[in-house]
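Read the structure below first, then the notes.
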Amino acid sequence: MAALLKKVPVLIELAKPKLNVFVKYAKVELVPPTPGEIPRAIADASTKIANLQKQTFRNWTLKEAAINTIVRLEVFCLAEGSCN
């Protein structure tokens, strides 16, 4: 346990550059939507619902399906707050 405690300052120094990069991107990516972005998001959601009803997802490539799945999972986790 004492040996692990001695390594803590070194580990903190190693983590600082990655933490700085995280903070840099978090300031840009984790901001709430602006009022101008809300109508665009609603239009995008209604388009996606219409495409779901038409089952156009059957024509997606594997890459498109993976990206869309990941994005929806991320949105769900952020909205629910349950994916900690």
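The values are calculated or read from the model by the stated rules, or taken from the named source; none is laboratory data. Note that the structure is predicted; figures quoted are calculated from it, not measured. FYI the Cβ positions are ideal-geometry reconstructions off the backbone, even for glycines, and counts take in every protein chain you see. Heads up: the accessible areas ignore ligands, DNA and RNA and are worked out on the full protein's heavy atoms, side chains in. Shrake-Rupley method; radii C 1.70, N 1.55, O 1.52, S 1.80 Å.
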Checklist entry - Which of the residues that make up the stretch 22-31 are farther than 21 Å from Ala79 by Cβ and surrounded by 10 or more Cβ atoms within 10 Å (Cβ to Cβ)? => result Phe22, Lys24
Next on the checklist: For the list (1) of a type outside the set (Val, Ile, Thr); (2) at pLDDT 90 or above; (3) open to solvent by less than 80 Å² (accessible area, probe 1.4 Å), I need the number of the one condition that Leu62 fails.
Outcome noted: (3)
Next on the checklist: Of the residues Ala41, Ala15, Ala26, Ala3, only one is within 18 Å of Asn68 (Cβ to Cβ) and assigned to a helix (DSSP H, G or I); which?
Outcome noted: Ala41
Next on the checklist: Please verify whether Thr34 is of a type in the set (Ser, Thr, Tyr), loosely packed, with under 10 Cβ neighbours inside 10 Å and on the phi < 0 side of the Ramachandran plot, treating the condition exactly as stated.
Outcome noted: yes
Next on the checklist: Considering only residues that are open to solvent by less than 100 Å² (accessible area, probe 1.4 Å) and among the charged types (D, E, K, R), which ones fall in the stretch 37-57?
Outcome noted: Glu37, Asp44, Lys48
